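To start, the structure under review is shown below, and the notes come after it.
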Amino acid sequence: MEELTSMKLDVLREIGNIGAGNATTALSVMLNSNLRMESPVVKVLDFDGIPELVGGADAIVAAVLTRFSGEVSGMMLFILEIEEAKNLAGTMLGKTYPEKFEGFDHMDKSALKEVGNILMSSYINSIGTLTNLKFRTEPPAICVDMAGSVMSLPISQLGQIGDKALVIDSKFLDNERPINGFLMLVTDEMSYQKIFESLGIGC
Amino acid sequence: MKCPTRRFLNLLELGVRMEQMIRVGIADLKLCKTPDKITTVGLGSCIGIVLYSAVSDICGMVHIMLPSSKEIKNNSNRAKFADTGIEDLVKLLEEKGVRRNSLSAKIAGGATMFVFSGASDLGSIGERNIKAVKDELATLSIPVVMEDVGADYGRTIIFDNATKKLTVRCAGKPDKII
């Protein structure tokens, strides 16, 4: 994973671009708002560096995780800092949360899960369209807890193949206000290889 | 009246050292000497294992994320796995003169953070970690004195070797001291 050429990084960035572009459109329609996306950043990080992307290992976040399997397999995470999650769920359900926040109820979680589902399905589907590889996504799960803890599942998945994570970090803007959250794509080396090959990039 | 900064400097001159918090990362292990404390932040399915001795001022912690180094090809980072991580920590403690037969363990973590509909082998990685850690400690004849494992929430742990107490901190819950 360390020896990614700049060509491959460009490809990953472009995949991120298309994926996040589609995802943003889907979410804009759903929320009836003006969402925009910053150009994705592809990062190779140590495991300890991943939670730092959302304010550190002990920052409370809402994370929606979906898995996909088939010709390529892996998982995708949509992570929001807790205040952003409150904003988003509030917008969707037309409610405000009390000053002293006690946690999300079933309905809130369901709403956030649906946002994550739409975002990540459109992201993953655009990879499928681009590469012509066949895979299917599973229904997502949500978890609201410390960033370090929620990341443990994707990190241990990555830990089976190495000590680094490749993160496609796509940031969103809501009416030009940056949303403090990101999408993270986690797949194994073989899947990356297949993606590259399907796009005609040898190794 | 004495200036507080001045007093602090005086303390430093006297060789009085502020106690430190030693932070153990993911797939990492470290030692700690009283009065310092040792911590690891945001355990999910990973497990934090503290090894300490009632008769020593040195303790250690390892933050493992996978059950076994034998199932995986790329296993150069030994602190990543329950088997090699604990083994190495014991070795390090022994090098510092802590006797193996005086060691006790306190463990926390091994949660299942995401609950998917339908059975899954991935979701149970926390459970597999718990089993692997207990097996390894049993093999080394190190008793698990206290544990806070499983369930579906994250944990931050802080061990104070002076009192031998492990503080388990969870989001939205009062601290638990074990």
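For region A:28-47, which positions are outside any strand (DSSP E or B) and crowded, with 20+ Cβ neighbours inside 10 Å?
Taking region A:28-47 as the starting set, the residues that turn out to be outside any strand (DSSP E or B) are A:28-34, A:38-40, A:47.
Matches in region A:28-47: A:Pro40, A:Phe47.
If B:Arg128 satisfies every condition in (1) more than 18 Å from B:Thr40 (Cα to Cα); (2) more than 11 Å from chain A (Cβ to nearest Cβ) but one, which is the exception?
(2)
For region B:73-94, what are the residues that are open to solvent by 40 Å² or more (accessible area, probe 1.4 Å), more than 10 Å from chain A (Cβ to nearest Cβ) and not acidic (Asp, Glu)?
Residues satisfying the conditions are B:Arg78, B:Lys91, B:Leu92.
Would you call A:Ala23 open to solvent by less than 20 Å² (accessible area, probe 1.4 Å) and in contact with an Asp or Glu (Cβ under 9 Å, 6 or more places away or on another chain)?
Values: open to solvent by less than 20 Å² (accessible area, probe 1.4 Å): yes; in contact with an Asp or Glu (Cβ under 9 Å, 6 or more places away or on another chain): no.
Spelling it out, it is not the case that A:Ala23 is open to solvent by less than 20 Å² (accessible area, probe 1.4 Å) and in contact with an Asp or Glu (Cβ under 9 Å, 6 or more places away or on another chain).
Condition first: closer than 19 Å to A:Gly19 by Cβ and buried (at least 16 other Cβ atoms within 10 Å of the Cβ). Now tell me which residues in region A:174-193 satisfy that.
A:Asp174, A:Ile179, A:Gly181, A:Phe182, A:Leu183, A:Met184, A:Leu185, A:Val186, A:Thr187, A:Asp188, A:Ser191, A:Tyr192
Count, please, the residues in region B:159-168 that happen to be over 22 Å from B:Glu127 (Cα atoms) and not in a loop (DSSP other than H, G, I, E, B). Spell out the reasoning first.
If we filter region B:159-168 for residues that are over 22 Å from B:Glu127 (Cα atoms), which is where we start, we get B:159-165.
Narrowing the set further to residues that are not in a loop (DSSP other than H, G, I, E, B) leaves B:159-160, B:165.
Summing the residues that are over 22 Å from B:Glu127 (Cα atoms) and not in a loop (DSSP other than H, G, I, E, B) in region B:159-168 gives 3.
In region B:87-100, is there at least one residue being within 16 Å of B:Lys30 (Cβ to Cβ), touching an Asp or Glu at 6+ places or on another chain (Cβ under 6 Å) and not hydroxyl-bearing (Ser, Thr, Tyr)? Walk me through it before giving the result.
The initial filter retains those residues of region B:87-100 that are within 16 Å of B:Lys30 (Cβ to Cβ), namely B:87-96, B:98.
Among the residues that remain, those that are also touching an Asp or Glu at 6+ places or on another chain (Cβ under 6 Å) are: none.
There is no residue in region B:87-100 that is within 16 Å of B:Lys30 (Cβ to Cβ), touching an Asp or Glu at 6+ places or on another chain (Cβ under 6 Å) and not hydroxyl-bearing (Ser, Thr, Tyr).
Here are some conditions: (1) away from chain A (no Cβ under 14 Å); (2) open to solvent by 60 Å² or more (accessible area, probe 1.4 Å). B:Lys164 meets all but one. Which one does it not meet?
With respect to (1) away from chain A (no Cβ under 14 Å); (2) open to solvent by 60 Å² or more (accessible area, probe 1.4 Å), B:Lys164 is out only on (2).
Look at B:Thr156 and say whether it is assigned to a strand (DSSP E or B), within 14 Å of chain A (Cβ to nearest Cβ) and surrounded by 19 or more Cβ atoms within 10 Å (Cβ to Cβ).
On the way: assigned to a strand (DSSP E or B): yes; within 14 Å of chain A (Cβ to nearest Cβ): yes; surrounded by 19 or more Cβ atoms within 10 Å (Cβ to Cβ): yes.
When the stated conditions are applied, B:Thr156 passes them.
Which of the residues belonging to region B:24-48 are under 24 Å from A:Glu52 (Cβ atoms) and more than 14 Å from chain A (Cβ to nearest Cβ)?
Residues satisfying the conditions are B:Cys32, B:Asp36, B:Lys37, B:Ile38.
Listed here are the residues, each with its yes/no results for (1) without any contact (Cβ under 8 Å) to a residue 12 or more places away in the chain; (2) of a type outside the set (Val, Ile, Thr); (3) assigned to a strand (DSSP E or B).
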| residue | (1), (2), (3) |
| --- | --- |
| B:Val62 | no, no, yes |
| B:Asn75 | yes, yes, no |
| B:Asp83 | no, yes, no |
| B:Leu93 | no, yes, no |
| B:Val98 | no, no, no |
| B:Phe116 | yes, yes, no |
| B:Ile130 | no, no, no |
| B:Val133 | no, no, no |
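State the number of residues belonging to region B:138-153 that are open to solvent by less than 20 Å² (accessible area, probe 1.4 Å) and touching a Lys or Arg at 6+ places or on another chain (Cβ under 7 Å).
1
Check every one of the helices (runs of 4 or more DSSP H) wholly within region A:96-159 and list those with 2 or more residues that are open to solvent by 30 Å² or more (accessible area, probe 1.4 Å) and under 23 Å from A:Ala20 (Cα atoms).
Numbers: elements: A:106-131, A:147-150, A:152-159.
Once the helices (runs of 4 or more DSSP H) in region A:96-159 are filtered for at least 2 residues that are open to solvent by 30 Å² or more (accessible area, probe 1.4 Å) and under 23 Å from A:Ala20 (Cα atoms), what remains is A:106-131.
Restricting the search to region A:61-86, which residues are part of a helix (DSSP H, G or I), in contact (Cβ under 8 Å) with a residue 24 or more places away in the chain and more than 10 Å from chain B (Cβ to nearest Cβ)?
Applying the first criterion (part of a helix (DSSP H, G or I)) to region A:61-86 yields A:82-86.
Going one step further and asking which of them are in contact (Cβ under 8 Å) with a residue 24 or more places away in the chain, we end up with A:82-85.
Matches in region A:61-86: A:Glu83, A:Glu84, A:Ala85.
Scan region B:111-119 and give yes if some residue there is more than 28 Å from A:Ala63 (Cα to Cα), open to solvent by 70 Å² or more (accessible area, probe 1.4 Å) and more than 10 Å from chain A (Cβ to nearest Cβ), otherwise no. Lay out the reasoning, then the answer.
Just the residues of region B:111-119 that are more than 28 Å from A:Ala63 (Cα to Cα), to begin with: none.
For region B:111-119, residues more than 28 Å from A:Ala63 (Cα to Cα), open to solvent by 70 Å² or more (accessible area, probe 1.4 Å) and more than 10 Å from chain A (Cβ to nearest Cβ): absent.
Could you list, in sequence order, the residues of region A:151-186 that are over 15 Å from A:Ile79 (Cα atoms) and within 14 Å of another protein chain (Cβ to nearest Cβ)?
Taking region A:151-186 and keeping what is over 15 Å from A:Ile79 (Cα atoms), we get A:156-166, A:174-177.
Within region A:151-186, A:Ser156, A:Gln157, A:Leu158, A:Gly159, A:Gln160, A:Ile161, A:Gly162, A:Asp163, A:Lys164, A:Ala165 qualify.
Which of the residues that make up region A:118-150 are more than 14 Å from chain B (Cβ to nearest Cβ) and either of a type in the set (Gly, Ala, Ser) or under 25 Å from A:Phe104 (Cα atoms) (or both)? Don't jump to the end; show me each part of the working.
Our first condition is that a residue be more than 14 Å from chain B (Cβ to nearest Cβ); within region A:118-150, this holds for A:118-119, A:121-135.
Selection gives A:Ile118, A:Leu119, A:Ser121, A:Ser122, A:Ser126, A:Gly128.
Is it the case that B:Ala108 is crowded, with 16+ Cβ neighbours inside 10 Å and either more than 26 Å from A:Ile60 (Cα to Cα) or without any contact (Cβ under 8 Å) to a residue 12 or more places away in the chain (or both)?
Judged against the criteria, B:Ala108 is not a match.
The values are calculated or read from the model by the stated rules, or taken from the named source; none is laboratory data. The model shown is predicted, which means the values in this text are computed figures rather than measured ones. Positions of Cβ are generated from backbone atoms using ideal geometry, with glycine treated the same way; all protein chains shown enter the neighbour counts. Protein only, heavy atoms only, side chains kept; ligands, DNA and RNA dropped before computing areas. Shrake-Rupley method; radii C 1.70, N 1.55, O 1.52, S 1.80 Å.
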